[in-house]
Amino acid sequence: MREIVLDTETTGFDPESGDRIVEIGAVELWNHVATGETYHVYINPERFMPEEAFGVHGIGPDLLEPPRPIEKGQVTLKDKPVFAKVGQGFRDFVGDAKLVIHNASFDMKFLNAELGWMGLPPLPMDQALDTLAIARKRFPGSPASLDALCRRFNIDNSNRVLHGALLDSEILAEVYLELIGGRQPDFGLSASGSTAAGGGDDWRPAPRSTALPSRITADEQAAHDAFVEKLGDTALWTRA
């Protein structure tokens, strides 16, 4: 089962008022295990960024009038592609996978607005799985923000000083696995990622480039060899 844990960053709260997506980050899971495949893109929103957005998303004030110096660690958006240049690639990456999103209605609203302006079909709402709704159902009356869930599940989010879509999707993937019954021990240890889509239900982890060393001692190997010798030439271990 393929799932995409996804997060967006935007200029505001309402695409109908002119707000746009400025960043998309996504992490691929197969059967609740991270494959290492990711999708990440910064997007030029073709509009000025509001003052309150600076330092929240880690995006510099290069689209504000008048221009100001970019702070260290911030990303400028003027040279980034517009959504129309990346929308089809994003749609191809997502495919028909289940989308795991915290407060899904917000992100889906923006994604479908951007896709609609391109003339692409929208993402069905039933394709999204809302981890905020899951958390509120599982822990009624308790805080259900991503930071609160990290504290609850003892997930390290110390790098989350500034919001970032890819970092948040990676953290959300760990939160999601806890919400559905426990973190996978090999989360994030599979092959290195790329932005390519693909795969199927027959997906398997890539073989190790170097085999693990044997953990059998010399005495254990000698005892095994002696045991096999007693079984004769028809023993399974002696067949070519």
**OP:** Kindly provide the set of residues from the range 112-135 that are closer than 18 Å to LEU177 by Cβ and in a helix (DSSP H, G or I), ordered by number.
**Re:** THR131, LEU132, ALA133, ILE134, ALA135
Original post:
Looking only at residues in the range 72-111 that are charged (D, E, K, R) and assigned to a helix (DSSP H, G or I), which one is farthest from the chain's Cα centre (by Cα)?
Top reply: LYS85
Original post:
Just a yes or no: is a residue in the range 137-144 assigned to a helix (DSSP H, G or I), of a type outside the set (Ser, Thr, Tyr), in contact with a Lys or Arg (Cβ under 7 Å, 6 or more places away or on another chain) and surrounded by fewer than 20 Cβ atoms within 10 Å (Cβ to Cβ)?
Top reply: no
**OP:** Could you list all residues from the range 11-41 that are surrounded by fewer than 23 Cβ atoms within 10 Å (Cβ to Cβ), assigned to a strand (DSSP E or B) and hydroxyl-bearing (Ser, Thr, Tyr)?
**Re:** THR35, THR38
**OP:** Hey, could you check the range 192-237 for residues that are β-branched (Val, Ile, Thr) and at pLDDT 70 or above and say which is farthest from ALA34 (Cα to Cα)?
**Re:** THR234
Subject >> Selection count where residues are at pLDDT below 95 and basic (Lys, Arg), scope the range 80-119 >> reply: 1
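The values are calculated or read from the model by the stated rules, or taken from the named source; none is laboratory data. It should be emphasised that the depicted structure is a prediction, and the values quoted were computed from it without experimental measurement. No Cβ is skipped: glycine too gets one built from the backbone with ideal geometry, and neighbour counts run over all protein chains shown.
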